[in-house]
1. In segment 1-38, how many are of a type outside the set (Val, Ile, Thr), part of a helix (DSSP H, G or I) and under 23 Å from the mean Cα position of the chain (by Cα)?
2. Which number in (1) touching a helix residue (DSSP H, G or I) at 6+ places or on another chain (Cβ under 8 Å); (2) surrounded by 11 or more Cβ atoms within 10 Å (Cβ to Cβ); (3) of a type in the set (Lys, Arg) marks the one condition that LYS26 misses?
3. Confirm whether PHE106 is part of a helix (DSSP H, G or I), touching a Leu at 6+ places or on another chain (Cβ under 9 Å) and over 23 Å from VAL150 (Cα atoms).
4. Mind checking which pairs have a first residue in segment 57-71 that is open to solvent by 30 Å² or more (accessible area, probe 1.4 Å) and a second that is modelled with pLDDT of 90 or more, Cβ under 6 Å, 6 or more apart or different chains?
5. What are the pairs with Cβ atoms under 7 angstrom where one residue, in segment 77-101, is touching a residue at least 60 places away in the same chain (Cβ under 8 Å) and open to solvent by less than 30 Å² (accessible area, probe 1.4 Å) and the other, located anywhere, is of a type in the set (S, T, N, Q) and part of a helix (DSSP H, G or I)? Sequence gap at least six, or different chains.
6. Pairs please, first residue from segment 156-168 and touching a residue at least 12 places away in the same chain (Cβ under 8 Å), second anywhere and open to solvent by 90 Å² or more (accessible area, probe 1.4 Å) and assigned to a helix (DSSP H, G or I), Cβ atoms under 6 Å, 6+ apart in sequence or on different chains.
Amino acid sequence: MENPDTRVQYTKSRFQQALAELLEEKSIGFVTIKELCARAGLNRGTFYLHYTEPMDVLHELEDRLVDEVMGGYSGSEDILTDRLRLMLAERKAYAAVLGRHGDPAFLVRACRLAYQAMKPYFAAEETATTNEPPEAFQFAFAGCTWVICVWLSSSEPVPPEQMAKKLLLMSSGVFDTERKKSEGGRE
């Protein structure tokens, strides 16, 4: 007999995959339960066993992807390359949550999570008063996110190693400035 947890994971995976496909076509607010079930090849009763609306599926997908990418992230090129490989392996899902049809609130949450992972690189006075990312970090995050989204949508994406180098180069000015501040230097 199949493990019930395995069946639940499979079912949720089907709904998440179907949602990622639908988000290529339309925004989350326009995805119906009926078309989500049809795309997943599952019935409405099964949907309601796990969710109340399509946004629940999106949030679960977002949480899973954040856990995959942010777990143990330290900002090194090797780890970034590994994370980009994960993204490329599930490019539809990542493109869906990062793209124009996903939930904009997710990008704000992802930025905050990324900042928490990168906080040790920022000046103490920047991090002491708030958990909100500094504007320079938000700027770098938005730019890198856009570049990743375009990369995932490309018919022939460059290798993850090359993309990691590009992203680190693009964001290096932000981190160099913050490192100098933390060391008491000038910008």
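1. Of the residues in segment 1-38, 16 are of a type outside the set (Val, Ile, Thr), part of a helix (DSSP H, G or I) and under 23 Å from the mean Cα position of the chain (by Cα).
2. Status for LYS26: all satisfied but (1).
3. So PHE106 fails the test.
4. Hits for this filter: GLU68/LEU86.
5. From residues that are touching a residue at least 60 places away in the same chain (Cβ under 8 Å) and open to solvent by less than 30 Å² (accessible area, probe 1.4 Å), the pairs are ALA93/GLN16; ALA95/SER153.
6. PRO160/ARG85
The values are calculated or read from the model by the stated rules, or taken from the named source; none is laboratory data. In this text, all values refer to a predicted model and were calculated from it rather than measured experimentally. Cβ atoms come from the backbone with ideal geometry, glycine included; neighbour counts cover every protein chain shown. These accessible areas exclude ligands, DNA and RNA; they are computed on the full protein's heavy atoms, side chains included. Shrake-Rupley method; radii C 1.70, N 1.55, O 1.52, S 1.80 Å.
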